[in-house]
Amino acid sequence: MNKTVVPAQRDRYRLRENDRRVLEVLEAAEGPLRAYELLDLLRCEGINGPPTVYRALARLTRSGLVHRIESMNAYIACRAPCSSGPPVLVICDQCGSTEELHEDIVIARLRRRARALGIELDRIYLELRGRCARCGTASE
Ligand SMILES: [Zn+2]
Ligand SMILES: [Zn+2]
């Protein structure tokens with residue numbers, strides 16, 4: 001294995017202690033976590049202040065190691081750290097399980113079309129909602 005080191009992976013080596021803890025909790029989680037849920041889980045690790053968690057989340061989100069799910073106001077650890085562009089998050093309405101797709105061509109096209117409308121995109125949030133295989137069979 002001789003993978004190219006992408007920025008997100010490189011950032012991982014330079015994480016502050018608090019950021020690393022927040023990331024570890026998110027990576028161990030079954031699904032997305034809201035900030036207060038994270039805070040609950042981190043309390044036993046000595047992280048008490050909400051601002052500490054919010055600052056860590058802001059840094060992790062900027063570096064691409066964590067994604068914010070806008071429609072749920074929750075966070076997940078990135079599962080596809082090899083990609084650089086914004087992910088398309090595919091979310092189960094029922095259980096919140098979240099996968100990510102990387103559609104760089106689609107995103108490039110959206111950027112071009114927005115530019116044609118005179119808008120340079122700063123942030124892109126793409127979220128697809130549905131039901132995962134597990135929840136789909138469980139309720140029928
Ligand atoms: Zn990702
Ligand atoms: Zn589900």
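Quick notes on this one:
- Elements of type strands (runs of 3 or more DSSP E) contained in region 49-140, each with 3 or more residues being more than 16 Å from ligand 2 (Cβ to nearest atom): 66-69
- Screening Y75 on (1) crowded, with 19+ Cβ neighbours inside 10 Å; (2) closer than 17 Å to V22 by Cβ; (3) near ligand 1 (Cβ under 9 Å from one of its atoms) shows it passes everything except condition (3).
Each value in this text was obtained by applying a stated rule to the coordinates, not by laboratory testing. Since this is a predicted model, take the numbers as computed values, not measurements. Note that we place each Cβ from the backbone using ideal geometry, even for glycine, and neighbour counts take in every protein chain shown.
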